[in-house]
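Since every read-out is calculated from the coordinates, none of them should be taken as a lab result. This is a predicted model, so every value here is computed, not measured. Neighbour counts are summed over all protein chains in view; Cβ atoms, including those assigned to glycine, are modelled from backbone coordinates with ideal geometry.
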Amino acid sequence: MTETWPKPLQSARGPLRADKLDGAAEGMGNWGAETKGLAADGLVPPDMICGMTLFILSEQPRDPEKKQKIPGGGGGVAGGVWVRERFTIHRPLQRDDRFSVAGENIGRHVHKGRRYSTSRCTTVNETGDIAATNLTTGLMAYKVEEGLAESLEGEDPNAISAPAPDWSAAKNNPYQEQLRRLTPGQILGDYPVPVGLALMQARDTKKPDNPIHSDPELARRAGLSRPIAGGSHILAFALEPILAEAGRQALFHGASFDIRWKAPVYADLTIRPTALVSDASEKQVVFDIEAKLDDGATAMTGRVTIPLA
């Protein structure tokens, strides 16, 4: 039987769990003064808004007859890992905001023996305003399946219209002057961050949605040598120098993100997050961000565009 795409998801409602938000701050260790400041201000940090698709997927009904890929996972996507996230933050989201998230699965494909799924969602705050739009592509399983044929069902993730900068929201950004002082070629960050297991466990909390980020045994059973840091965790370290230089809430007013995760960051490896100002004009400020491992491999790369009024 031919499947019909897209496939609607059951909507989910916030607020985000308080322990998850506390964990997002604690998981930054000594490298997250601005992220911790956002927590103190009662705001959801940008890296957690990156995960709104994860939030709605984790709230989907689970088939009790279907065996979980990773025992102990609390969410509906246990065993999956993001490879690309494109999203826009239209306005700040309050820590206690009773938001709602609506979304759909829009396709899946097989490439080089790995299965991928693509979903999108829209987050609306309690006053009815759009807070975020997300487009997510993730692996459905870690292990390569030899002999698995290339295939595509639903929409091609590379052909989908992605969330773009929200120019109408730019006028609300209180850091216009600060942003206009940035100059092309300016490099922010570029310091070592040891991503220890303790930080990963703090972020994952005692009720993890996907314990491959914090539990050595369950990570091993999933086919990993040790736990790996979540994609949004690595993103948080790369966004921190932007928040420090451009303004703590500079990313909450129409900024768009296109993030790709290239290589796993295993527990106790060191990353070097950097943000290069690649464009600074009257219209926008663009950062090319990345996180490199000590061996030179790129763990994450992306582009952040902040529209200006």
Open item on the list: Using 0.36 nm times the number of residues separating Thr127 and Lys207, minus their current alpha carbon distance, what extension gain do you get?
Closed with: 25.8 nm
- [ ] Please state the charge dipole magnitude for the range 27-66, taken about the Cα centre, from unit charges on C-beta atoms (+1 on K and R, -1 on D and E), reported in debye and rounded to the nearest 20.
- [x] 60
Open item on the list: Under a crude label model (7 Å from the Cα following the beta-carbon direction), how far is Ala159 from Lys112 in nanometres?
Closed with: 2.2
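Could you work out the relative contact order of the chain? I mean the mean sequence separation of Cα pairs under 8 Å and 6+ apart, divided by the number of residues, in percent.
Relative contact order for the chain comes out at 22 percent.
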Task: Candidates per trypsin sites (Lys or Arg not before Pro) in the range 137-181, loop by DSSP, up to 16 other Cβ within 10 Å - done: Lys143, Arg181
TODO: Can you give me the span-like helices of the chain, meaning DSSP H runs with 20 Å or more of Cα extent along the axis and Kyte-Doolittle mean at or above 0.5?
DONE: 231-246
Task: the chain: Lys pairs at Cα distance under 17 angstrom, eight or more positions apart or on different chains - done: 10
Task: Quotient of Cα Rg and 2.2 N^0.38 Å for the range 126-183, N being how many residues it contains - done: 1.88
- [ ] Take the Cβ-Cβ distance between Glu3 and Ala102 as r, set R0 to 22 Å, and report the resulting FRET efficiency rounded to the nearest 0.05.
- [x] 0.60
Task: Candidates Gln201, Gln249, Gln186: whichever shows maximal mean-square fluctuation once the chain is modelled as a Gaussian network with Cα springs under 10 Å - done: Gln186
Task: Cα principal axis extents for the range 122-225, largest first, Å - done: 51, 40, 38
Task: Compactness relative to 2.2 N^0.38 Å, alpha carbon Rg of the range 24-66 - done: 1.58
- [ ] Express in % the proportion of alpha carbon pairs of the chain at distances exceeding 25 Å.
- [x] 47
